[in-house]
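One structure below.
Derivation of every value follows stated rules applied to the coordinates shown; laboratory data play no part. Note that the coordinates shown come from a computational prediction; the quantities given were computed from them, not determined experimentally. Neighbour counts run over all protein chains shown; Cβ positions are idealised from the backbone, glycine included.
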Amino acid sequence: MNAPSRARQGAVASPHSELASDLIAREKQFSARNYDPLPVVFTRGEGSWLIDVDGRRYLDLMSAYSAVSFGHAHPRIIATLIAQAQSLGVTSRAYFNDELPFLLERLAKLTGMDRVLPANGGAEAVETAIKAARKWAHKIKGVSEGHAEIIACRGNFHGRTITACGLSTEPQYRDGFGPFPPGLSTVPFGDATALALAITPRTAAFLVEPIQGEGGIIVPPAGYLRECAAICRERGVLLICDEIQTGLGRTGRLLACEHEGIKPDGVILGKALGGGLLPVSAFCATDNVMQVFNPGDHGSTFGGNPLAAAVAMTALDVLFEERLIERSAEIGPWLLGELAGLRTHPFVTDVRGRGLFIGIEVDPRAIGARPVVDRMLARGILSKDTHGTVIRIAPPLNIPREDLAWAVGEIHAVFQDVARDLKRAA
């Protein structure tokens, strides 16, 4: 079945079935109201497609925020999950297991780091990195206890923990959750001079996303990371790159920081590392950073479990053996070029990105991003808005090109419909 016919089946042309309505109602009744999902209920995934409980198909241009970079239910990753689950799942780090050592070695060599601390979700890996940076500042740099500072960028997204919220500049992420830990500050993203001015003798680390994801797929000026790396090196500050969304091929390189040819002191990985099946993350860093940890300083019951390690290893096999990094580098510029024509609409303020990581920004005074996403959903295309102004386009790295080509046509049609409706309403 070709892409257009599959997608037409996904068009939301009729009301929800009784089953879908019941499931949505149950979740709304019993779930904490910390999410506002799109009105669709999925039951199955196949490659780049998701199928709802009514049998409609939708092309996934979200990839669960890059966690499903290899598509849904990749057969090789599924086979590893099943085989390892039948052998050994979790032992805790109280013992060695026969899967983790290989993952640690591989991640260290891939990132150019010396050691790896495994974790589960991305936010946990961010917290690990911040703990390491603070202790490094106290024990190695000589900053007095309790005075180490972390600098991040405005518009960042490093997770939902108290520390990450303390670094956030998004008012909603902070509202009601204080007090936040001291020693946290932010500078404008893309402004290396601002970083240099913000560094003090107490600064432990600069934590940065090479491309801001939740911030709106913000690509910094060329040379920005390279200049930041030089500043950090000159001032004795750790440079830690949060590659949870941008890493593992998303931007057309293994790590997004590689576009600038830099080597940070630490790299945070997550999302795609779990192959779309499990939460797997890691903080990878130099010996200089990792030397601060002693047994008992930090831990995670599920971090580094053999099931997660085996799945992550196969996910990395798929990434390289299917040449998905190269594919992102090849298809990404084509997709960005195909979507660039959306700029002809006066309510579209920008189309930007790198690799298969693209954002379409709309003027909120004309229309919010969520109504556009809802219209895409009605055509069988899945996306998600960020901050109400940017539509995120980040499909699985192995999405068939013909499916993407069809999606481009449908996206253009959605924007044409929006333009028509705005003109009528004027």
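Any idea what angle helix 401-425 forms with the longest principal axis of the chain, computed on alpha-carbon atoms, 0 to 90 degrees, nearest 10? Rounded to the nearest ten degrees, it is 70.
Which whole-number percent is the relative contact order of the chain (Cα, under 8 Å, 6+ apart)? Write out the running numbers ahead of the final one.
Values: 844 pairs, mean separation 96.5, N = 426.
Value for the chain: 23 percent.
Shape of the range 75-321 from the C-alpha gyration tensor: prolate (a/c of 1.5 or more and a/b above b/c, with a ≥ b ≥ c the square roots of its eigenvalues). Overall, the range 75-321 carries a charge dipole of about 240 debye about its Cα centre when +1 sits on the Cβ of Lys and Arg and -1 on the Cβ of Asp and Glu, all other atoms neutral. Contact order for the range 291-394, expressed relative to its length and based on alpha carbon pairs under 8 Å spaced 6+ residues apart, stands at 17 percent. For the chain, the spherically averaged projection of the C-alpha convex hull amounts to 21.6 nm².
Which order do the peptides 300-312, 182-194, 367-379 come out in when sorted by mean C-beta neighbours inside 10 angstrom, highest first? Provide the component values of the computation, followed by the final result.
Numbers: 300-312: 23.3, 182-194: 17.1, 367-379: 18.9.
Listed from highest to lowest mean packing, they are 300-312, 367-379, 182-194.
Extending 7 Å from Cα along the Cβ direction at ARG420 and again at ASP317 yields two label points whose distance is 5.0 nm. To the nearest ten degrees, helix 18-30 and the longest principal axis of the Cα atoms of the chain are 30 degrees apart.
Over the chain, DSSP H runs of length four or greater, each weighted -39,500 (n - 2.57), average out per residue to a 222 nm ellipticity of -11500 deg cm²/dmol. Selection among SER144, VAL116, HIS158 by position relative to the dipole of the range 69-167 gives SER144 as farthest towards the positive end (Cβ unit charges, Cα centre).
In terms of packing, defined here as the mean over residues of other Cβ atoms within 10 angstrom, the peptides 265-277, 87-99, 285-297 line up highest first as 265-277, 285-297, 87-99.
Sorted ascending by nearby beta carbons within 10 Å, beginning with the fewest, VAL53, VAL362 become VAL53, VAL362.
Evaluate the relative contact order of the range 75-321 (contact order divided by residue number), counting alpha-carbon pairs under 8 angstrom at least 6 apart; express in whole percent. Kindly include the intermediate steps, with their values, before the conclusion.
On the way: 465 pairs, mean separation 76.8, N = 247.
Relative CO of the range 75-321 lands at 31 percent.
Model label sites at ALA222 and HIS387, defined 7 Å from Cα along the beta-carbon direction, differ in position by 2.5 nm.
Ordering of 234-241, 325-332 by packing is 234-241, 325-332, highest average first (other Cβ atoms within 10 Å, averaged per residue). The angle between the Cα long axis of helix 100-111 and the longest principal axis of the Cα atoms of the chain comes to about 90 degrees, rounded to the nearest 10.
For the range 201-351, the square roots a ≥ b ≥ c of the C-alpha gyration tensor eigenvalues yield an a/c of 1.5 or more together with a/b not exceeding b/c, which makes the shape oblate. Taking every DSSP bridge with both residues inside the chain, close to 65 percent are antiparallel. The lysines whose alpha-carbon is closer than 29 Å to the alpha-carbon of LYS423, local same-chain residues fewer than 8 away aside, are LYS384. Note on SER69, SER168: ascending count of other Cβ atoms within 10 Å places them as SER168, SER69, the fewest first.
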